[in-house]
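Heads up: the structure comes next, in structure tokens.
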Amino acid sequence: MARATVFSRRHILKLAAGASAAVGLNAAFGESAMSSRKMLTRLIPSSAEPLPVIGLGTYRGFDVTPSDPGYKDLPAVLDALFEKGGTVIDSSPMYGHAEQVTGELLANLNPRVTPFLATKVWTRGREAGIAQMEQSFKRLRTERIDLMQIHNLLDWQAHLPTLRQWKEAGRIRYIGITHYTSSAYDQVEAVLRAEPLDFLQINYALDDRAVENRILPLCRERGVAVICNRPFGGGALIGRMKDKPLPGWAAQVEAVSWPQLALKFLLSHPAVTCVIPGTGNPRYMAENAGAGFGPLLSEAQRQQLIESWR
């Protein structure tokens, strides 16, 4: 897959005249939308810290061991993320070897950028949660985790007080909750309304848009950053779109592939802070990261993509 085309600043400014809605959205969130040299950022509502909009999910791709053939590609995956300006790496104890592998690779790479490490607690009981999170610190080889999330809301009432205490102590910087299925949206909404949180990680894709109805507006209202997981849906999305020609305006938003358009579709929603496509392929990581450059989509362009999927 090809890397995103690099346009001159003058050319991008000219193209942006035809995409004023997207440019307005970029400016509202402190994004450098007209630069192809720096990944766009969104501000985390609870702190106003800028966060690069494309990150990396480690589910499956990083659940390997050094003896697995795919392991040798993972340093290049991280390099591709960092070279494009991304920092967010999301993992979980649920993802097998992923935390351990991420920690090992980061220790060996010693990247010039500071990764934004996000992981999760996924067990029942306060003491079990503490033990699991301590294990995550060891596996990730860090003394501070940027974002600790309660995975799929499992026993969230037991874990949330610990997360608050650790945030106060500086061991974690942000706290959040996650889910990946619409059947849990009522519970997600209830927790968002009841508890002050920094982040929600939730499923959102061009073919999975149920969060647009209530969850995303609620996050904007409550000042909660949104990380999108499963940004390519269940897998059928890209397979169905790949043989279709890109829309004529794709070059205006610096998109050279359907995966990039699918990611830009999500980033064009004002509630979305970061998208974390998972991969163990350096080429795919570079392509995905390319979606974090250039103008985002206007509402008309978003609607055209929705119609294309239907």
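Laboratory data are not the source of any read-out in this text; all were calculated from the coordinates shown. Everything numeric here is computed off the predicted structure, so don't read it as measured data. Backbone-built Cβ (ideal geometry, glycine too); neighbour counts: all protein chains shown.
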Quick one: work out the % antiparallel among DSSP beta bridges in the range 9-309, nearest 5. 15
I need 68, 63, 186, 243 ordered by Cβ neighbour count within 10 Å, fewest first. 243, 186, 68, 63
Restricting attention to the range 234-308, which chymotrypsin sites (Phe, Trp or Tyr not before Pro) occupy a DSSP loop and are surrounded by at most 10 other Cβ atoms within 10 Å? none
Using the crude model of +1 on Lys and Arg Cβ and -1 on Asp and Glu Cβ, and no other charge, please compute the dipole size for the range 9-309 relative to its Cα centre, in debye to 20. 560
Cβ-based exposure ranking for 261, 40, 105, in which fewest neighbours within 10 Å come first: 105, 261, 40
How big is Rg to Rh over the range 183-300, alpha-carbon atoms, Rh as the Kirkwood inverse-mean-distance radius? 0.99
Which aspartates and glutamates have a Cα less than 12 Å from the Cα of residue 84, not counting those fewer than 8 places away in the same chain? 287
When only C-alpha pairs under 8 Å and at least 6 residues apart count, what is the relative contact order of the range 224-310, in percent? 38
Of the trypsin sites (Lys or Arg not before Pro) in the range 100-139, which ones lie in a loop per DSSP and count no more than 11 other C-beta atoms within 10 Å? 112, 124
Residue-wise, which Karplus ³J(HN,Hα) couplings in Hz belong to the range 272-283, taking 6.51 cos²θ - 1.76 cosθ + 1.60, θ = phi - 60°, and x for glycine or proline? 7, 9, 7, 10, 10, x, x, 6, x, 10, x, 5
Cβ-placed point charges (K, R +1; D, E -1), dipole of the range 173-310 about Cα centre in debye, nearest 20: 180
Once you put a point 7 Å from the Cα of residue 114 and another 7 Å from the Cα of residue 186, both along the Cβ direction, what distance in nm separates them? 4.3
Dividing the mean separation of Cα pairs under 8 Å (6+ apart) by the residue count of the chain yields a relative contact order in percent of 26
Structure shown: which of 138/167; 167/264; 72/242 lie over 23 Å apart, alpha-carbon to alpha-carbon? 167/264; 72/242
Listed residues 248, 290, 61; largest mean-square fluctuation, Gaussian network over the chain with Cα springs below 10 Å, found at 248
Folded to 0 to 90 degrees: helix 185-194 orientation relative to the chain principal axis, Cα: 70
Environment charge of residue 131, counting only residues whose C-beta is closer than 15 Å and scoring Lys/Arg +1, Asp/Glu -1: +2
√(5λ) per eigenvalue of the Cα gyration tensor, the range 9-309, largest first, Å: 30, 22, 18
On C-alpha positions alone, give me the angle between the axis of helix 156-169 and the longest principal axis of the chain, in degrees, nearest 10. 90
How big is the charge dipole of the range 87-201 about its Cα centre, in debye rounded to the nearest 20, if each Lys and Arg gets +1 on its Cβ and each Asp and Glu gets -1 on its Cβ? 280
Dipole of the chain (Lys/Arg Cβ +1, Asp/Glu Cβ -1, origin at the Cα centre): which of 101, 45, 62 lies farthest to the positive side? 45
Residues with amide H under 5 Å from that of residue 42, placed H, sequence gap 5 or more: 51, 53
Ellipticity estimate at 222 nm from DSSP helix runs (n ≥ 4, -39,500 (n - 2.57)) divided over the chain, nearest 500: -11500 deg cm²/dmol
